[in-house]
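Please treat every number below as a calculation from the coordinates, not as lab data. Every value quoted in this text rests on a predicted model; they were computed, and no experiment measured them. Cβ sites come from the backbone with ideal geometry, for glycine too, and all protein chains shown count toward neighbours.
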Amino acid sequence: FDGQVGLANFYAPG
Amino acid sequence: MFEARILQGSILKKVLESIKDLVTDANFECTANGFALQAMDSSHVSLVALMLRSTGFDHYRCDRDVTMGMNLLNMSKMLKCADNDDTITMKADDAGDVVTFMFENPKADKISDFQMKLMDIDTEHLGIPDTEYEATVKMSSNEFQRICRDLSSIGDTVTIAVTKDSVKFTTSGDIGEANITCRRTSDGDMKEEKVKTEEDGEKVHNTKSSEGQNVDIDLQEPVTLTFALRYLNSFCKATSLCENVRLQLSKELPVVVQYLIEDMGYVRFYLAPKIEE
């Protein structure tokens, strides 16, 4: 794990 | 029927050049409000949001909302066939499966039209709430591009630390480390850049902000976040769209990198931060 998270961790679909 | 005519075709060309390497396929949403796009890169780490408002077009008609799925590389190929000073018109029927790009030179004695097949694209749309960011930095877009490019020759990530007086960009890699500090400035102030490497110690460059490289900082809370430089470098392809770039940061939120498109709207890039395990 290089510490990079995805946008889905911050924004919900919609 | 969707029809949108932009006098300064170079704007559309630049917009495409700024996003085509980040996003492969995207749905353009054509509504009465304008021509918009939201799309994530394939790794779902970054997102581009484009808005070209209907009022910014020379002519704009959208009888009903239309979604046009396009391959951005193909769209870019077509728009490259337009000269920078050409007028560009985009046209599509409500139920059609093609979009037409029409290019007209300033003398109106050369008119080209290119038809591109549309695609059905299944994309995930994210709801991005209006957010009050803890730190907003406005700086020269050229300077931001330069910093991202310079730092990426040393490291893969950049830590951006915003305080009330400065914004500091830090990276490190196998060959050493680098810190670039841009002080909050006003006209005629000096900008200081510090580049430190293991080899040559510390160099300090003072350069006059002769190119309008003022740094404005609006701060509620000091913020420090780390991001992958390769995405920021990709965002910087939008540099020619606007003299300034706006960075918005809050703890544990994606950074928003915005380039305004004069009289028309914006292109915004969102990038998720790197977090400690």
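General remarks:
- Near B:Cys242: Cβ cut-off under 13 Å, other residues only, Lys/Arg at +1 and Asp/Glu at -1. The net charge is +1.
- Remark on A:Phe10: its backbone amide H falls under 5 Å from none of the residues 5 or more positions apart or on other chains, H modelled at 1.01 Å from N.
- Here the spin labels are modelled as points 7 Å beyond Cα on the Cα-Cβ line, and at B:Asp263 and B:Thr67 they lie 3.3 nm apart.
- Cα lying deepest toward the dipole's positive end in chain B, options B:Ala272, B:Leu126, B:Val15, charges on Cβ: B:Val15
- Dipole magnitude for the protein assembly as shown: about 480 debye, using +1 per Lys or Arg Cβ and -1 per Asp or Glu Cβ, origin at the Cα centre.
- Each Cα pair under 8 Å and six or more residues apart adds its separation to the average, and for chain B the resulting relative contact order is 20 percent.
- Once the C-beta distance of A:Asp2 and B:Lys107 is scaled by a Förster radius of 41 Å, the resulting FRET efficiency is 0.15 to the nearest 0.05.
- Per residue of chain B, the DSSP helices (runs of n ≥ 4 H) give a summed -39500 (n - 2.57) that works out to -4000 deg cm²/dmol at 222 nm.
- Modelled FRET efficiency - R0 25 Å, B:Ser166 with B:Ser43, Cβ distances, 0.05 increments: 0.20
- Annotation: amide H-H contacts under 5 Å for B:Ile275 (H modelled 1.01 Å from N, sequence separation of 5 or more, or interchain): A:Gln4, A:Val5.
- Potential lengthening between B:Glu243 and B:Asp218 on full extension [0.36 nm per residue; Cα-Cα distance subtracted]: 7.1 nm
- Listed values for segment B:270-275 are Karplus-derived 3J(HN,Hα) couplings in whole Hz (6.51 cos²θ - 1.76 cosθ + 1.60, θ = phi - 60°), namely 10, 9, 5, x, 8, 10, and x replaces Gly and Pro.
- Euclidean distance of C-alpha centroids, segment B:1-50 and segment B:227-277, integer Å: 15 Å
- Check: segment B:103-181 dipole with +1 on Lys, Arg Cβ and -1 on Asp, Glu Cβ, in debye: 440 debye
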